[in-house]
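The values are calculated or read from the model by the stated rules, or taken from the named source; none is laboratory data. Here the structure is a predicted model, which means the values were calculated and not measured. Methodologically, a virtual Cβ is constructed for each residue, glycine included, from the backbone with ideal geometry; neighbour enumeration extends over all protein chains shown. We work out accessible area using only protein heavy atoms, side chains counted, and drop any ligands, DNA or RNA first. Shrake-Rupley method; radii C 1.70, N 1.55, O 1.52, S 1.80 Å.
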Amino acid sequence: MIDWRRIGPSLSVALILACIGAVTVAALPDELAPWRELAFDRLVAMQEIPTDGAIMVVDIGPESDAGLPWQRVDTARLLTAVAAAKPAVVAFDIVLGADCAPGATNTILANAMAEVPTTLGFLFATNERTAPKPELTVAAGEGLALPQVWQAVGAEHACPAFEQVARGSAAATLAGGMDAIIRQVPALVVVGQSAYLGLAADAVRLSVGRGSALLGGDPAWMRLSGAPLEIGPAAQLRFHPSTPARWQARTLDAASLLANPASALPLAGKIVFIGSSDPGSGALRATAASPVHPSVQIHADVAASLLSGHIPLRLANARKVEGLAALLGGILAGTAGAVLAPALGGILVVGTALAWLTGTIGLALQYGWLFDPVAPGAITLLAGLAAMLTQAARTRRAETAMRRRIAQLLPPDVVSRLVRQPDLLRLEGEERQVTALFTDIEGFTQSLRGVEPRAFVAILDAYFTGMSRIVLQHGGMIDKLVGDAVHALFNAPANLDHHVDKAIACAIDMHEFGEAFRQQPEMQALRFGRTRIGIETGVVILGDVGAADKIDYTAHGAAINMAARLEEANKGLGSSICIGPAAGAAATMPLVSLGIIDLRSFGDVAVFTPAGMQPRAPI
């Protein structure tokens with residue numbers, strides 16, 4: 001029979017922890033629980049990658065087949081060749097919004113669009129007040145709830161001549177989380193008073209011959225083909241990021257296609273995404289699979305998931321389920337820890353936590369549902385451990401007190417009984433100081449000119465992987481990867497002690513990595529340039545700020561701009577690391593002066609570099 005008076009205190013501690021943990025899990029939004037997204041990345045990676053046999057990508061590089069910079073006329077020639085192969089749909093992950101004046105090139109491009117169902121990508125923009133055409137016909141059911149859907153007053157969109165012949169316009173905008181990683185894409189957005197699908201969703205809509213999108217429900221769902229897909233209050237679709245090997249298998253090089261139009265034959269009957277993996281296009285994004293994931297490949301991944309009907313899904317009531325699991329697991333583990341012997345109780349506690357972990361993996365693999373595998377199990381372990389420790393402490397105290405009191409008065413077997421049953425004796429968007437770090441590769445464009453796109457991306461992948469690891473090791477946050485540059489912030493989003501020194505130490509390690517990277521034989525053959533780094537500290541505006549076509553967690557302020565200017569100043573100084581006056585004053589590690597320079601937009605400023613890093617001759 002269970003002695004509830006004996007186990008009551010231990011069980012109470014476990015219940016209190018379980019209740020607090022359950023309420024926290026159920027109430028804590030995903031954006032404030034960074035471990036969840038990391039755990040979801042692992043769960044998604046365990047799932048089978050959707051087949052993409054119906055998807056192809058045409059990758060536009062910096063140069064045409066003639067070796068000249070890519071121009072609108074090359075896009076017209078490209079779409080003409082693609083349309084001749086009779087694909088099911090063509091989706092542009094580039095905005096064809098410049099050079100809209102009537103002319104032969106635009107006429108050829110518009111005629112090619114008229115030959116194949118085409119959807120044109122657009123980006124959110126605050127300086128535009130017009131909405132893209134054609135607008136989407138939405139059939140909305142009763143009770144549709146989209147309180148967090150992305151909205152903008154206008155968009156940067158294609159020329160009217162192209163919109164007149166296109167079958168759709170769709171959102172190509174992508175935005176990462178606090179760690180800048182893209183995990184979800186918009187299924188639906190609103191521009192002005194009009195609704196539009198995301199680029200992948202619109203391509204699938206056209207491929208199945210639907211003229212409208214059907215939406216409804218709370219939580220919201222969308223039907224393009226087959227069963228409805230839940231899109232939630234923000235109208236977002238989570239996707240399974242593919243690997244570079246998958247990109248290579250489904251991608252045709254645009255310049256090669258122009259040189260040999262017959263190579264477009266594999267596009268027949270396929271959904272074809274046209275975009276660029278060239279870093280100069282600004283279309284590289286970080287995903288869980290790669291820090292340099294081309295946006296056109298992201299849209300292709302989403303389309304493959306939509307066609308397969310297998311979308312990783314965070315259910316609307318997922319947090320409530322996780323809170324209930326934490327409560328029940330904590331109660332069970334607390335009871336086991338308080339009642340059972342330590343060894344048996346420990347096995348049951350660990351087993352309960354592992355059961356939740358196994359269940360989340362099974363649900364992810366079977367249905368694509370994403371539940372937090374960490375927090376409920378951790379609360380279960382914590383509640384069970386608390387009960388076991390509380391019970392052990394009470395037993396220890398009771399044993400010590402009892403032995404001291406009656407060891408000389410009672411027989412040993414009675415003392416042991418009292419030790420086992422001590423109750424028989426009748427005897428609780430902010431302003432923040434941030435250090436910004438900017439890097440750039442010297443002569444990058446020239447050194448990698450002529451390198452084919454897949455090799456280009458592989459080189460950047462290896463370089464950014466090393467650089468990103470160093471930033472994270474020093475406590476920094478990767479703000480952006482732009483072209484060949486890394487933008488990093490220290491003391492954001494959370495407090496970081498000695499963030500200036502840590503940023504400088506990070507810069508030194510990045511410099512050493514960059515030098516080792518460029519000394520590799522294949523990099524020497526390309527004359528891969530040195531890494532230049534600029535650092536400054538100051539008060540900035542931090543949060544979801546910036547233009548509406550680039551919604552991400554970033555910083556704006558003089559320190560950010562100065563860090564970028566200091567990176568550029570390395571070229572004239574012959575240095576590799578250039579530290580601004582505020583960072584130099586705040587640093588405690590040894591620095592040497594590089595003098596006073598006239599810095600564009602800032603005037604005369606004193607600059608520094610770490611001791612022991614002497615500048616070379618300026619170039």
(Q) Less than 21 Å apart at the alpha-carbon level, and either on another chain or at least 8 residues along: which lysines does that give for K480? (A) K502, K550
Q: For K86, list the lysines whose Cα falls under 24 Å from its own Cα; do not include residues on the same chain fewer than 8 positions away.
A: K133, K270
Q.
Please list, in order along the range 555-567, the HN-Hα scalar couplings obtained from phi with the Karplus expression 6.51 cos²θ - 1.76 cosθ + 1.60 (θ = phi - 60°), rounded to whole Hz, x for Gly and Pro.
A. 10, 10, x, 4, 4, 5, 5, 5, 4, 5, 5, 5, 4
Q) Can you list the residues, at least 5 places off or on another chain, whose amide H is less than 5 Å from the amide H of L496, using H built in the peptide plane? A) N491
Q.
Strictly under 4.7 angstrom between C-beta atoms: which cysteines of the chain have no such partner?
A. C19, C506, C578
**Q.** I231 long-range amide H proximity, modeled H, under 5 Å
**A.** A220, W221, M222
Q. Using θ = phi - 60° and the Karplus form 6.51 cos²θ - 1.76 cosθ + 1.60, what ³J(HN,Hα) does each residue of the range 453-460 get, whole Hz, x for Gly and Pro?
A. x, 5, 5, 4, 5, 5, 5, 4
Q.
If you count only protein heavy atoms with a 1.4 Å probe, what accessible area per residue comes out for the chain, rounded to a whole Å²?
A. 44
Q. If you take the Cα atoms of the range 20-104, find Rg, then find the Kirkwood Rh from the mean of 1/r over all pairs, what is Rg/Rh?
A. 1.24
Q.
Output needed: percent of Cα pairs per 5 Å distance bin for the range 244-343, bins running from 0 to the one holding the longest distance.
A. 2, 9, 13, 14, 12, 9, 7, 6, 6, 6, 5, 4, 3, 2, 1, 0
Q. Here are some values of percent of Cα pairs over 34 Å apart: [x] 47; [y] 74; [z] 54. Which one was computed from this structure?
A. [z]
Q: Restrict the search to the range 22-70; then list the GluC sites (Glu not before Pro) that DSSP places in a loop and that have at most 10 other Cβ atoms within 10 Å of their Cβ.
A: E48
(Q) As an exercise, identify the trypsin sites (Lys or Arg not before Pro) in the range 439-524 lying in DSSP coil whose Cβ has no more than 16 other Cβ atoms within 10 Å. (A) R449
Q: Report relative contact order for the range 251-312 in percent, whole number only (criteria: Cα-Cα under 8 Å, sequence separation at least 6).
A: 20
Q. Can you pull out the GluC sites (Glu not before Pro) in the range 109-215 that DSSP calls coil and that have at most 11 other Cβ atoms within 10 Å?
A. E142
(Q) For T251, what residues show an amide H to amide H distance below 5 Å, using hydrogens built from the backbone and excluding near sequence neighbours? (A) V57
Q.
Per residue of the range 240-248, what does 6.51 cos²θ - 1.76 cosθ + 1.60 with θ = phi - 60° give for ³J(HN,Hα)? Whole Hz please, x for Gly and Pro, Karplus curve as stated.
A. 9, x, 8, 9, x, 5, 5, 4, 4
